[in-house]
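To start, the structure under review is shown below, and the notes come after it.
Bear in mind these aren't lab numbers, they're just calculated from the coordinates by the rules spelled out. Values in this document were obtained by computation on a predicted structure and should not be read as measured data. Here the Cβ is made from the backbone with ideal geometry for all residues, glycine too, and neighbour counts use every protein chain on show.
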Amino acid sequence: MANALYPKAKEQFLQGGINMSSGTIKATLVDTGTYTYSSAHQWLSDLSGIVGTPQTIGSKTFTNGTFDGSDVSFPLVAGSSAEAIVIYLDTGVAGTSPLLSYQDSGVTGLPVTPSGGNINIVWDAAGIWTI
């Protein structure tokens, strides 16, 4: 699977239902041996194969349709390998936290096999993604 914005998120972007500038945007590592991207997935509760603890993307910017933010560090990760990152808007409830994007290429630090240490993800210099 190539990088993609979730179709349900795109619908909400166009209808004004997702406000990324005021919300908490998080990234989570995902084991693609457990999770398979689906264009029908909409909520964090649709996601399986989460590796480690999701981390907040700070210093968000929105310039010329490009979303960017600070690199993220996942502390003390153990367990399954991670081959993708899913970005979502955290509402505090998995069933209402919309999935925004799925990325399995162009992200420095992936794929990775956890060894109990930190996993650092460096976003592309051009930004995390562009609409």
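Per 0.36 nm of contour for each residue apart, how much would the distance between T96 and E11 grow if the chain were fully extended, relative to their Cα-Cα spacing?
29.1 nm
Calculate, for S115 and D71, the FRET efficiency according to 1/(1 + (r/R0)^6) with r their C-beta to C-beta distance and R0 30 Å; round to the nearest 0.05.
Working from the Cβ atoms, E equals 0.95.
If you place +1 on the Cβ of every Lys and Arg, -1 on the Cβ of every Asp and Glu, and leave all else neutral, what size is the dipole of the chain about its Cα centre, to the nearest 20 Debye?
Value, rounded to 20: 200 debye.
Using the basic label-point model (7 angstrom from Cα toward the beta carbon), what is the S22 to T36 distance in nanometres?
Placing both labels 7 Å along Cα→Cβ, they lie 3.9 nm apart.
Could you tell me which of rounded, prolate or oblate describes the chain, using a ≥ b ≥ c as the square roots of the eigenvalues of the alpha-carbon gyration tensor, with rounded for a/c under 1.5 and, failing that, prolate when a/b is larger than b/c and oblate otherwise?
prolate
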